[in-house]
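Comments concern the structure below.
The values are calculated or read from the model by the stated rules, or taken from the named source; none is laboratory data. Keep in mind it's a predicted model, so treat the numbers as computed, not measured. Using ideal geometry, Cβ is built from the backbone for each residue, glycine included, and neighbour counts are taken over all protein chains shown.
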C-alpha cells in the first residue's frame, strides 16, 4: 500500500523546548549506572563495581564539565544552550539533581550493600567497632607502615592554608594545646600510595554463623584518625573529619603558540597533578559548621558545591574488592572467542623475542577472501586485530604500516609490534594523539618509545583531536601492491577490548585502501583532501553526508515511500543533526536510536518527534560501538565508525566512518541492532520528560538481554 505524500513542516526546530540539556542528560546516564548497583539481579561484587563506576564517572564530570561551566560563569558568559540554559543555570540544576543521587548512593551502600557483604564474608569494619585485639594490631600496623608516610600540616598565621591536590582525601583535625587551651586546626592527607582499605590478618577475622570472614578490614582514613596521637604528641585531639576535594583537571594548551606540542602538554600535565581551581568539596554530614565555612572560603566554593556524604567518601576505591576471588559474587566469566574463519590462521607467537609462524594461511589470505567483521569483546582482540598488526610487523612482504593511536594499554602489545616492524625495516608511521584526555602521559611515553625505535611519530593536528581508529598495511604481492586495512569503533587497547563493545572491519578493498592513504596524508602532511571515495571523514565530509542521508529518508517518505533509520552511538548532542532527525520524523521516517549516554533529542513531541524512539543499554560491558543504518528506499546502507553525533566529533575531531558493503556483514550488523531494539533486560526507554524507564521481562524465562544473546551467538560462531 502506497503511503500518502507528506508536506515539509514549517515548525521552528530550534525551539529550546525540543532539546534536553547535555549535562543533565549525562547525569541521567550515570543514574542508570547507579541503578545497576541498586538492581538485586546484579551479582553482589558487580553491584559494588557499579557504585565505584558511578563515583569515578562523577569525579571526571566535575573535573571537566562542571569546571568548564564554572569558568564560563567567571568569564561572564551568558550564551544559552540549545535547551535555553545559561552556564549559571546549568550549575544550579546539576547541583539540584545530583544531591539526591548522592544520598541514594550512600544510603544503598551503607544499609543494603555493606550488610550483604558481611553475609558473604566481606566485612568493611568501622574502627569504633573493632575489638581490642584488632585495635592493637592496627595500632602497630599504623606505627610501622602508615605513620612514616604522613605529613601533618598546621593552619595558623605562620602556616597558610595548604594547597590540596585534586581528588585528595584529607582529614580536618581540631587540636587543643593543653597549656593554652587554644584550639588549632591541621590537615592530614590520606596518602594515595597506600591501599585505601587496610586488611586484617586471617587470625583476626571473625566468624559469622559457622563461616569465617573471607576479608575484613578498615578504611585507611579511620586507621589514621584513631592514631593521631602519633602525629600530635602532647596535644589533645578534639575532633577529626574526612573531606575530599575535586579540582579542574582539563588541560589548556595553546596549540597555535606551541613550538613543541609534546613539551607543551608535558608542562600542562605537571599542573594537572596539582589541579586548577576547586570545583567540589565532599564532606561527612557531621562536619561542624565552622570547619565547613573555613574550607569553602579557603577553596573559593559556594554552598551548592558542597556535597554531604552519609558514609565513606571516595567510593571509587571500591574497585579494590573486585580482586577478591569470589566468582559466585561476580558475573559468569567471559572469554572472548576466536571466530571459526580465524581459527585456520597460523598465528605469530612471540617467545623470548623469537618469532614462530608455521607455514600455512595467514591473516592476509583470509582478508583477501572477503571482508571480515569483528565484534569485541565477543570476538577475541588478540586473535584478530592484534594478530593483524603483529603479522604485518613480521611479514616479509609488508612494506609499510600506518596507524592512529588514541588510547592503548600500559603494556601495549600493539606498540611493541609497531616497534618490531620498524626494527624489521618496515616503514612505520603512527599518529599518537597527545590530547586524549587523561591518557596524555601514557601516550607521551609511547610516543617517545616509538620514536626511539625509528617509527615516524606524528602528534596530531592543530585544533583537532585525532579520534579515528584506523590501520593501513601496505603489502607487496607478486607484481602489485595491495593495501589491507582495519577500520574500527574502539581503541587499540587489548584491556578495554575485554570490557567495551566495539566493531572493526578488516578489508583489502581498493577504494577503502585509497581513502585511508589520502587520510593518512592529511594526518601526516599538508594535504587538504576535500572528498573521499567511500569513507565519511570528519571534519571534512561526515556532517554533510550524515545530514544528507537523514534528509534522504525524509524525502523518500514525502514521495510516498517508506523511511527508516536506526543509529547506535554513545551520545547524540549536535543540535543540527537533531533538527534533521526531527524533520525526518515529521516526514514519517521511523527512527530508532540506541544511545548509551547523553541524548539531547526529546522524543515523543507531537508533530515533531513522535516517530522517534530512544533506548539506552547498560550492562556488564560498556556499549561503545557506533552503527548507522539507512533504509534508502530498499537499497540499504550500513556504516560503522569512531564518531558520535556530537559537535566535537563532527567539527573538532578527525573521525572515519566506513560503509559495510559485504551483504552478509551488513545483515550481521542489522541483526545486532534488532537484538538491541528487542532487549527487555538491559534497555531503558527515554521518556518525553528526560527520565528513563527500564524495561522488565514478565519473568526470567522471557528475558532478552542483548549482551547475553551476543555471547551465545559468539560461542556458536566458533563451530
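Is it the case that region 557-572 has a residue that's assigned to a helix (DSSP H, G or I) and more than 30 Å from the chain's Cα centre (by Cα)?
Taking every residue of region 557-572 in turn, at least one turns out to be assigned to a helix (DSSP H, G or I) and more than 30 Å from the chain's Cα centre (by Cα).
So residue 522 ticks every box in (1) modelled with pLDDT under 95; (2) closer than 30 Å to residue 461 by Cα; (3) assigned to a loop (DSSP other than H, G, I, E, B) but one. Which box is left unticked?
So residue 522 meets the others, but not (3).
What number goes with the only condition from (1) under 24 Å from residue 290 (Cβ atoms); (2) in a loop (DSSP other than H, G, I, E, B); (3) touching a residue at least 12 places away in the same chain (Cβ under 8 Å) that residue 167 does not pass?
Just one mismatch for residue 167, condition (1).
How many residues are free of Cβ contacts under 8 Å to residues at least 40 places away in the same chain and either in contact with a strand residue (DSSP E or B) (Cβ under 9 Å, 6 or more places away or on another chain) or under 25 Å from residue 213 (Cβ atoms) (or both) if we restrict to region 85-111?
1
At least 3 residues that are out of contact with any strand residue (DSSP E or B) (no Cβ under 8 Å at 6 or more places or on another chain) in each: list the strands (runs of 3 or more DSSP E) lying fully within region 618-706 that qualify.
In region 618-706, no matching strands (runs of 3 or more DSSP E) lie anywhere.
Of the residues in region 328-352, how many are in a helix (DSSP H, G or I) and modelled with pLDDT under 95?
Count: 5.
Does region 440-455 include one or more residues that are over 30 Å from the mean Cα position of the chain (by Cα), farther than 14 Å from residue 506 by Cβ and part of a helix (DSSP H, G or I)?
yes
Taking the conditions exactly as written (surrounded by 16 or more Cβ atoms within 10 Å (Cβ to Cβ), touching a residue at least 24 places away in the same chain (Cβ under 8 Å), within 30 Å of residue 403 (Cα to Cα) and not assigned by TED's automatic domain parsing to the domain that holds residue 367), does residue 612 satisfy them or not?
Answer is no for this residue.
Just name the residue that is nearest to residue 556 (Cα to Cα) out of those in region 573-601 that are assigned to a strand (DSSP E or B) and touching a helix residue (DSSP H, G or I) at 6+ places or on another chain (Cβ under 7 Å).
591
So that you can scan it fast, the table gives a plain yes or no per residue for (1) within 23 Å of the chain's Cα centre (by Cα); (2) outside the structural domain of residue 310 (by TED's automatic domain parsing); (3) modelled with pLDDT under 95; (4) farther than 23 Å from residue 600 by Cα:
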residue: 38; (1), (2), (3), (4): yes, yes, no, yes
residue: 58; (1), (2), (3), (4): yes, yes, no, no
residue: 90; (1), (2), (3), (4): yes, no, no, no
residue: 94; (1), (2), (3), (4): yes, no, no, no
residue: 105; (1), (2), (3), (4): yes, no, no, yes
residue: 110; (1), (2), (3), (4): no, no, no, yes
residue: 113; (1), (2), (3), (4): no, no, no, yes
residue: 124; (1), (2), (3), (4): no, no, no, yes
residue: 136; (1), (2), (3), (4): no, no, no, yes
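Taking the conditions exactly as written (outside the structural domain of residue 472 (by TED's automatic domain parsing) and at pLDDT below 95), does residue 560 satisfy them or not?
Criteria met by residue 560.
Just to be sure I understand, how many residues within region 60-85 are more than 15 Å from the chain's Cα centre (by Cα) and assigned to a helix (DSSP H, G or I)?
Counting residues in region 60-85 that are more than 15 Å from the chain's Cα centre (by Cα) and assigned to a helix (DSSP H, G or I) gives 9.
Run down 682, 687, 704 and say which single residue is touching a residue at least 24 places away in the same chain (Cβ under 8 Å), in contact with a helix residue (DSSP H, G or I) (Cβ under 7 Å, 6 or more places away or on another chain) and over 30 Å from residue 404 (Cα atoms).
From the options 682, 687, 704, the qualifying one is 682.
Given the conditions (1) assigned to a loop (DSSP other than H, G, I, E, B); (2) crowded, with 21+ Cβ neighbours inside 10 Å, report the number of the one that residue 604 does not fulfil.
Failing condition for residue 604: (2).
Only one of 146, 175 is assigned by TED's automatic domain parsing to the domain that holds residue 300, surrounded by 15 or more Cβ atoms within 10 Å (Cβ to Cβ) and either farther than 22 Å from residue 238 by Cβ or modelled with pLDDT of 95 or more (or both); which?
That would be 146, the only listed residue that is assigned by TED's automatic domain parsing to the domain that holds residue 300, surrounded by 15 or more Cβ atoms within 10 Å (Cβ to Cβ) and either farther than 22 Å from residue 238 by Cβ or modelled with pLDDT of 95 or more (or both).
Based on what the data block shows, is residue 223 in contact with a strand residue (DSSP E or B) (Cβ under 7 Å, 6 or more places away or on another chain) and not in a strand (DSSP E or B)?
When the stated conditions are applied, residue 223 passes them.
For region 404-415, which residues satisfy the criterion of being touching a strand residue (DSSP E or B) at 6+ places or on another chain (Cβ under 8 Å) and either more than 10 Å from residue 450 (Cβ to Cβ) or outside the structural domain of residue 461 (by TED's automatic domain parsing) (or both)?
Answer for region 404-415, where residues must be touching a strand residue (DSSP E or B) at 6+ places or on another chain (Cβ under 8 Å) and either more than 10 Å from residue 450 (Cβ to Cβ) or outside the structural domain of residue 461 (by TED's automatic domain parsing) (or both): 404, 406, 414.
With respect to residue 517, determine if the residue is at pLDDT 90 or above and farther than 17 Å from residue 466 by Cβ.
Judged against the criteria, residue 517 is not a match.
Assuming residue 142 fulfils every condition listed in (1) under 33 Å from the mean Cα position of the chain (by Cα); (2) farther than 18 Å from residue 296 by Cα; (3) not in a loop (DSSP other than H, G, I, E, B) apart from one, which condition is it?
Residue 142 satisfies all of (1) under 33 Å from the mean Cα position of the chain (by Cα); (2) farther than 18 Å from residue 296 by Cα; (3) not in a loop (DSSP other than H, G, I, E, B) except (1).
State whether the residues of region 538-546 include one that is within 25 Å of residue 617 (Cα to Cα), in the same structural domain as residue 674 (by TED's automatic domain parsing) and either modelled with pLDDT under 95 or part of a helix (DSSP H, G or I) (or both).
Yes, region 538-546 contains at least one residue that is within 25 Å of residue 617 (Cα to Cα), in the same structural domain as residue 674 (by TED's automatic domain parsing) and either modelled with pLDDT under 95 or part of a helix (DSSP H, G or I) (or both).
Could you please give the count of residues in region 667-685 that are crowded, with 18+ Cβ neighbours inside 10 Å and closer than 25 Å to residue 543 by Cα?
3
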